[in-house]
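> Once you've had a glance at the structure underneath, I'll fire off some questions.
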Protein chains: 2
Amino acid sequence: MALIGILGGMGPLATVDFMDKVVRLTEASRDQEHLPLLVANLPHIEDRSSAILDDGADPLPALLAGIDMLNRNSVGLIAIPCNSAHHWYAQIRAHSAAPVLNIAEICVAAVPSTARRVAVLATGGALVSGFYQRALAERDIEPVTPDETMQPLVADCIDEVKSGDLDAAATHLETALTMLAEEGVTMALMACTEIPLAAQRIAAPPLALIDSSLELARATVKYACERGWNRPQ
Amino acid sequence: MALIGILGGMGPLATVDFMDKVVRLTEASRDQEHLPLLVANLPHIEDRSSAILDDGADPLPALLAGIDMLNRNSVGLIAIPCNSAHHWYAQIRAHSAAPVLNIAEICVAAVPSTARRVAVLATGGALVSGFYQRALAERDIEPVTPDETMQPLVADCIDEVKSGDLDAAATHLETALTMLAEEGVTMALMACTEIPLAAQRIAAPPLALIDSSLELARATVKYACERGWNRPQ
């Protein structure tokens, strides 16, 4: 039996939300038809966005230690429900024995082919890193990044989810989404796994949202169920 | 840094719910103030209730294999958010290097000292095992177990949560709670970790409910925070 490894804790509520999606996406009528998971919820990994933006402590050694822990336990696949950590995706992939899904590639692949302009809601670090903008540009889609008025709202939303204040997070997110809609943007990527927890509290978002965490969960479940990890012999 | 080990997957949604409670009970303003967790979500462990009731396959070897996995990764504490698995608590505790919290002792300790009669909502296996009834009796509290009309409603509720149908689960649970209230019972233990997921969908339960999963989460967070596992040096 192969285990799905999840490198999480970045942040913890986003990891819980990702696991919830994996479980609910798995067709099962009893426990024994569900997928086995090994979840390393390691919240003390240094802040990814600060490391990219502000010369903060390097999280890569702790990220690789988490990858090592999962591989020592013979996981067959690794998913990392943190977008900003994918700034180091090449190093992580090269280091891991098990394959590692790439949340940004998977999220951008979920954008409909008719889309021409798509906003990227992410940490400041992920935006400076630029991997989402590059993945969109490869599909000839124009990435729209929040301006200096809007990005603090997104950053506040993310921080508030990490501290457990989902109502404040939803208020900040809704203001940012309204600003985007007023600029004529019709679709946004929730390219940070905290954001969907805030979006759940917005009754009618003013533009279409694509959830990186949900897309990663879909890819994870598909990979594992195709290999029969839900029904071991 | 010590990790909290969680032996889960029994069932998977109950494990996600337990993790959610642990995260939300932890006072933290950023990721790095949260608790590190290693979650072995192993849904293929044989059905606990069937093993107790119907001579089904023995889950103990798989339970101990999960305990071994957690101990190999140097967890400092183990929590098992499955009540029925506590039928084998003595064997698990004797086998584990890390201490293992006992969900039934913790849940029964949360019953107010004024309580005289308390219902036990659990799998048929846990009821036949009798560890909840014994823990209540030790506190001079009369355990009320569902009769043969009511227990199938509780069992259906549990099975429906495991298959993801929370609305059906809530309907069956609410019928059982109403029957208990009509019999004059004023308090019930949700002594199966699936049941709180159904109870969340009942707007006004007709009697007081004590949530074994929430009490285990409180004890887990208290144990770890007292030892500073949320703020490693």
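The values are calculated or read from the model by the stated rules, or taken from the named source; none is laboratory data. Since the model is a prediction, treat every value here as computed from it, not as a measurement. Here Cβ is always computed from backbone atoms with ideal geometry, including for glycine, and neighbour counts include all displayed protein chains.
> Just to check your reading of the model, which residue among A:A203, A:A188 is free of Cβ contacts under 8 Å to residues at least 40 places away in the same chain and not charged (D, E, K, R)? Can you show your working first?
Numbers: A:A188 fails: free of Cβ contacts under 8 Å to residues at least 40 places away in the same chain.
After applying the criteria, what remains is A:A203.
> Considering only the range B:60-69, state which residues are crowded, with 24+ Cβ neighbours inside 10 Å and within 12 Å of another protein chain (Cβ to nearest Cβ).
B:G66
> Out of the range A:70-84, which residues are out of contact with any strand residue (DSSP E or B) (no Cβ under 6 Å at 6 or more places or on another chain), outside any loop (DSSP other than H, G, I, E, B) and crowded, with 17+ Cβ neighbours inside 10 Å?
Selection gives A:G76, A:S84.
> While we're looking at this one, here's another question. Might you check whether a residue that is in contact with a Cys (Cβ under 6 Å, 6 or more places away or on another chain) and buried (at least 24 other Cβ atoms within 10 Å of the Cβ) occurs anywhere in the range A:2-24?
Within the range A:2-24, one or more residues are in contact with a Cys (Cβ under 6 Å, 6 or more places away or on another chain) and buried (at least 24 other Cβ atoms within 10 Å of the Cβ).
> For the range A:216-229, what are the residues that are part of a loop (DSSP other than H, G, I, E, B) and surrounded by fewer than 20 Cβ atoms within 10 Å (Cβ to Cβ)? Steps first, please.
Applying the first criterion (part of a loop (DSSP other than H, G, I, E, B)) to the range A:216-229 yields A:227-229.
If the condition is that a residue be part of a loop (DSSP other than H, G, I, E, B) and surrounded by fewer than 20 Cβ atoms within 10 Å (Cβ to Cβ), then A:R227, A:G228 are the ones that fit.
> Still on this structure: Looking at the range B:8-50 only, could you name the residues that are part of a helix (DSSP H, G or I), more than 7 Å from every other protein chain (Cβ to nearest Cβ), within 18 Å of the chain's Cα centre (by Cα) and not basic (K, R)?
Matches in the range B:8-50: B:A14, B:T15, B:D17, B:F18, B:V22, B:L25, B:S49, B:S50.
> I've got another one for you. What residue, of A:R117, A:R93, is farther than 21 Å from A:G11 by Cβ, over 18 Å from the mean Cα position of the chain (by Cα) and of a type outside the set (A, V, I, L, M)? Spell out how you get there, then give the answer.
Details: A:R93 fails: over 18 Å from the mean Cα position of the chain (by Cα).
Step by step, each of A:R117, A:R93 is checked, and only A:R117 is farther than 21 Å from A:G11 by Cβ, over 18 Å from the mean Cα position of the chain (by Cα) and of a type outside the set (A, V, I, L, M).
> Filter the range B:113-132 for residues that are surrounded by 19 or more Cβ atoms within 10 Å (Cβ to Cβ), touching a strand residue (DSSP E or B) at 6+ places or on another chain (Cβ under 6 Å) and more than 28 Å from A:V22 (Cα to Cα) and give the result.
Once the filter is applied, which keeps residues that are surrounded by 19 or more Cβ atoms within 10 Å (Cβ to Cβ), touching a strand residue (DSSP E or B) at 6+ places or on another chain (Cβ under 6 Å) and more than 28 Å from A:V22 (Cα to Cα), the range B:113-132 yields B:V118, B:A119, B:V120, B:Y132.
> A further question follows. Consider the range B:179-207. How many of its residues are small (G, A, S) and over 17 Å from the mean Cα position of the chain (by Cα)?
4
> If you take just the strands (runs of 3 or more DSSP E) that sit entirely in the range B:138-215, which of them hold at least 3 residues that are modelled with pLDDT of 95 or more and surrounded by 20 or more Cβ atoms within 10 Å (Cβ to Cβ)?
Details: elements: B:142-144, B:187-190, B:208-211.
Where strands (runs of 3 or more DSSP E) fall fully within the range B:138-215 and carry at least 3 residues being modelled with pLDDT of 95 or more and surrounded by 20 or more Cβ atoms within 10 Å (Cβ to Cβ), they are B:187-190.
> Further question: Considering each of A:D20, A:D31, A:D58 in turn, give the residue that is without any contact (Cβ under 8 Å) to a residue 24 or more places away in the chain, farther than 18 Å from B:G11 by Cα and of a type outside the set (S, T, Y).
It is A:D58.
> Let me ask something else. Kindly indicate the residue of the range B:39-58 that is within 23 Å of B:P99 (Cβ to Cβ) and out of contact with any Ser or Thr (no Cβ under 9 Å at 6 or more places or on another chain) and also surrounded by the most Cβ atoms within 10 Å (Cβ to Cβ) among those meeting that condition.
Applying the filter and picking the extreme gives B:A40.
> In the same structural domain as B:C192 (by TED's automatic domain parsing), of a type in the set (V, I, T) and touching a Ser or Thr at 6+ places or on another chain (Cβ under 7 Å) - does that describe any residue in the range B:114-132?
Yes; the residues of the range B:114-132 include at least one that is in the same structural domain as B:C192 (by TED's automatic domain parsing), of a type in the set (V, I, T) and touching a Ser or Thr at 6+ places or on another chain (Cβ under 7 Å).
> Checking B:A126 against (1) farther than 16 Å from B:P59 by Cβ; (2) in a helix (DSSP H, G or I), which single condition isn't satisfied?
(1)
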